[in-house]
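Okay, so here's the structure we're looking at.
The values are calculated or read from the model by the stated rules, or taken from the named source; none is laboratory data. Quantities reported herein were computed from a predicted structural model and do not represent experimental measurements. Glycine gets a Cβ as well: all are built from the backbone with ideal geometry, and neighbour counts include every protein chain shown. The area values use the complete protein model at the heavy-atom level, side chains included, leaving out ligands, DNA and RNA. Shrake-Rupley method; radii C 1.70, N 1.55, O 1.52, S 1.80 Å.
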Amino acid sequence: MCRRTPVSRIPHSARLHSARPHNARRRRARRTALLAVPAAILLALVPGTASAYPNPGTVTGSTVVHDPTMIRTSSGQYLLYATGGGLAHKTSANRIAFSAGGDAFGTRPGWWSSYATEAWAPDISYRGGKYLMYYAVSTFGSNKSAIGLATSPTGLPGSWSDQGTVYTSTTSSDYNAIDPNLFVDGDGKWWLSFGSWWTGLKMIQLNPSTGKQLSSNTTRYSIASRPTGTKAVEAPSIVKRGGYYYLFASYDTCCAGTGSTYKVKVGRATSVTGPYYDKSGVAMTNNGGTPVLESHGRYIGPGGQSILADSDGDLIVYHYYDGQDNGTPKLGINLLNWSGGWPVAY
């Protein structure tokens, strides 16, 4: 992060710009006090560097990916789907070595042709004895878009059954029906968040029996937006931890290789429909968001994230553009630490 910690928040003994000592004894005392300051505070004195964010965990094999979503099956296998074609597929036995497989859809549903020829930003989950995958069909920069749903008994390519459209937007809409994410609350209610640019991120309630919008609640909730300046916010992901709902989202410009400015931010709320606030108390409907991942070193434009609760903790799964490989989009995986009440990637 390119900021300095405000001087008022640093212990007096660590303030490097305070009044000049008048003798050697005071200089020695200041050096001694400075050595006693915790390392975290000393780091706060230095402008943000690459160490402010972790490098992605080690992954090998088929790692070129965009907008990844991942699930761990009961047998321990990882299934990953991503943007591209009929939804690109990868597998891993250990979360490190990934192998490419066939597309989710061998034959693409006919309704896609009204919106585009390939699918984007899938979201995979397992509910009621079957796999569900929400995904988007659209063209870049347009909000003539649709969110589709498919179900499968195994989650493997070729096994997915098309369930048609869930929600759509047109060029006259003030929102964009892409980047879906399913959240199931502890009370059994289903919610779908989605959105990209325009007036920001939205949410609707779903019927658990159909996976589509609940007819008794047709409200479209607004959960994040940027009313001033750029409208660039998309790709919501929601989880509940420690009594709070956390909304992760991707901000700024995606899909420009090493010119991408994508980053992941988060806010939290006491209700699934919001309002969500960042760590500084700024509403996510008013440009708020606390940084989770940003560009550093060769790892440019992290975003398109999803969250997976794994056996060793929560994972944030995302793509970034490799500055040492011509901006190729690659898979990033990090763990999240919640001990401070806010997710910290490591």
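Of all residues in segment 291-303, those that are under 16 Å from residue 278 (Cα atoms) have Cβ atoms under 8 Å from Cβ atoms of residues that are assigned to a strand (DSSP E or B) and open to solvent by 40 Å² or more (accessible area, probe 1.4 Å), 6 or more apart or on another chain, in 292/344. Determine which single condition residue 145 fails, assuming it passes every other condition in (1) within 19 Å of residue 236 (Cα to Cα); (2) modelled with pLDDT under 95; (3) among the polar types (S, T, N, Q). Failing condition for residue 145: (2). Checked against (1) within 14 Å of the chain's Cα centre (by Cα); (2) closer than 28 Å to residue 190 by Cα, residue 337 meets all criteria but (1). In the set (1) among the small types (Gly, Ala, Ser); (2) touching a Phe, Trp or Tyr at 6+ places or on another chain (Cβ under 8 Å); (3) over 30 Å from residue 300 (Cβ atoms), residue 209 fails one condition alone, (2). Of the strands (runs of 3 or more DSSP E) lying entirely inside segment 230-346, the ones with 3 or more residues being buried (at least 21 other Cβ atoms within 10 Å of the Cβ) and either at pLDDT 95 or above or in contact with a helix residue (DSSP H, G or I) (Cβ under 9 Å, 6 or more places away or on another chain) (or both) are found at 233-241, 244-251, 263-269, 299-310, 313-322, 328-337. For residue 121, the conditions (1) in contact with a His (Cβ under 7 Å, 6 or more places away or on another chain); (2) on the phi > 0 side of the Ramachandran plot all hold with the exception of (1). The number of residues in segment 177-208 that are closer than 21 Å to residue 318 by Cα and of a type in the set (S, T, N, Q) comes to 3.
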